[in-house]
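S.K.: Sharing a structure, written as structure tokens. Questions coming.
The values are calculated or read from the model by the stated rules, or taken from the named source; none is laboratory data. What you see is a predicted model, and the numbers here were worked out from it, not measured in a lab. Neighbour counts run over all protein chains shown; Cβ positions are idealised from the backbone, glycine included.
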Amino acid sequence: MLRRALLCSPALLLVRPAQAQQRLSVVASFSILADMTRQIGGDRIALRTIAGPDVDAHGFQPKPSDAAMLANAAVVIRNGLGFEGWLDRMIRSSGFKGALVTTADGITPRMMDAHAHHGHDHGGAGRRQNHSVGPRRVPDPHAWQDLGLAPQYLRNITAGLIAADPGNEALYRRNAEAYAARLAALDQWVRAEIAKVAEARRKIITSHDAFGYFGEAYGVRFLAPQGVSTEAEPSAAEVGRLIRQIKAENISALFMENMSNPATLQRIAKEAGVRVRGRLYADALSVGSGPAPTYEAMFRHNVSLMVPAMRGDAA
Ligand code: ZN
């Protein structure tokens, strides 16, 4: 009798599991990781992003409200490889006690020269000058620009969500699997598009060195006046060298980036007599109404601009 009464109670019928469930509180350090996390977590997570669309995460200056959002988070998602040095300080001061996911964990980073005159540091702790002579070697943090490395990002995010919310393991795994399949297809599409460009013409000038992984994965040579970080200005000699190279090699693909100051690049374009072919999305997505509001849309947008520009097609 009692059981039947409970089952028929209108109040109980209104409580459905999805509504009764508290959504998992997740914070992503920047917009690209936020989108990946959203694809896997779906509506089971309450997601917030520290460095949002079109925001440069390199020299990011967190506000006190950013630290406050960490305090109550169950999971924090960061790239690692020295990309978000500012986040370590925030985490220490916020009292964050949840799970910290480093998406680049398990990836062997590409190493690059940190040019001495740039004097920049992505903020990574513990990176020291080698005593050997020559430029300092630092890990390149932009591993998300190779879709072949994305599965490792997805595995790390999925493991973090499951650790904090084991009840939704099956859903997180299912979402991650479907997402990984879409990214694998996208990777094939990028390869097919790049193959439309003659090998000798696969060269691109961008504001800063964000496309090293992209270049290695897809066989495109990227040249940047600004080096690996957006925090340093290039020297006059470096800019002059780049202009001579553009002319000598007849490079036609010159791009701005969404979160960089375009002044240097515009000067290079003018002096080299080359037109800027648009805006690539490197370290941040666009706003929702822009051309690259998701990680997948970012690749489609970037590659759709890169291919005709490298070929020298009139646009
Ligand atoms: Zn960058």
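S.K.: Can you tell me which of (1) over 26 Å from Leu81 (Cβ atoms); (2) of a type outside the set (S, T, N, Q); (3) at pLDDT below 95 is the one Phe255 doesn't meet?
M.R.: Unmet condition: (1).
S.K.: Quick check on region 36-46. Is at least one of its residues part of a strand (DSSP E or B), modelled with pLDDT of 95 or more and surrounded by fewer than 19 Cβ atoms within 10 Å (Cβ to Cβ)?
M.R.: Within region 36-46 (the criterion being part of a strand (DSSP E or B), modelled with pLDDT of 95 or more and surrounded by fewer than 19 Cβ atoms within 10 Å (Cβ to Cβ)), the answer is yes, since at least one residue qualifies.
S.K.: All but one of (1) within 16 Å of the ligand (Cβ to nearest atom); (2) part of a helix (DSSP H, G or I); (3) more than 21 Å from Val75 (Cβ to Cβ) hold for Trp144; which doesn't?
M.R.: Of everything listed in (1) within 16 Å of the ligand (Cβ to nearest atom); (2) part of a helix (DSSP H, G or I); (3) more than 21 Å from Val75 (Cβ to Cβ), Trp144 misses just condition (3).
S.K.: Right, here's the next one. Restricting attention to region 247-290, which residues are within 27 Å of Pro53 (Cβ to Cβ), away from the ligand (no atom under 16 Å from the Cβ) and among the basic types (Lys, Arg)?
M.R.: Matches in region 247-290: Arg267, Arg275, Arg277.
S.K.: Let me ask another. Of everything in region 72-93, what is closer than 14 Å to Ala57 by Cα and among the hydroxyl-bearing types (Ser, Thr, Tyr)? Give them in sequence order.
M.R.: Passing the criteria: none in range.
S.K.: What is the residue count in region 110-134 for residues that are more than 17 Å from the chain's Cα centre (by Cα) and either in a loop (DSSP other than H, G, I, E, B) or modelled with pLDDT under 70 (or both)?
M.R.: 17
S.K.: How many residues, within region 285-312, are closer than 17 Å to Val220 by Cα and part of a loop (DSSP other than H, G, I, E, B)?
M.R.: Within region 285-312, residues that are closer than 17 Å to Val220 by Cα and part of a loop (DSSP other than H, G, I, E, B) number 1.
S.K.: Also: So which residues in region 135-157 are crowded, with 20+ Cβ neighbours inside 10 Å, among the charged types (D, E, K, R) and at pLDDT below 95?
M.R.: Asp140
S.K.: Mind counting the residues in region 55-72 that are buried (at least 16 other Cβ atoms within 10 Å of the Cβ), charged (D, E, K, R) and either touching a residue at least 60 places away in the same chain (Cβ under 8 Å) or more than 24 Å from Ala163 (Cβ to Cβ) (or both)?
M.R.: Residues in region 55-72 being buried (at least 16 other Cβ atoms within 10 Å of the Cβ), charged (D, E, K, R) and either touching a residue at least 60 places away in the same chain (Cβ under 8 Å) or more than 24 Å from Ala163 (Cβ to Cβ) (or both): 1 in total.
S.K.: To continue, here is another question. Quick check: anything in region 192-207 within 16 Å of the ligand (Cβ to nearest atom) and hydrophobic (A, V, I, L, M, F, W, C)?
M.R.: There is at least one residue in region 192-207 that is within 16 Å of the ligand (Cβ to nearest atom) and hydrophobic (A, V, I, L, M, F, W, C).
S.K.: Sticking with this structure for a sec: Quick check on my filter: what residues within region 256-293 are buried (at least 18 other Cβ atoms within 10 Å of the Cβ) and of a type in the set (Ser, Thr, Tyr)?
M.R.: Ser260, Thr264, Tyr281, Ser286
S.K.: Being among the β-branched types (Val, Ile, Thr), surrounded by 15 or more Cβ atoms within 10 Å (Cβ to Cβ), within 18 Å of the chain's Cα centre (by Cα) and closer than 20 Å to Gln145 by Cβ is true for just one of Val220, Val197, Val190. Which residue is that?
M.R.: Exactly one residue qualifies, and that residue is Val190.
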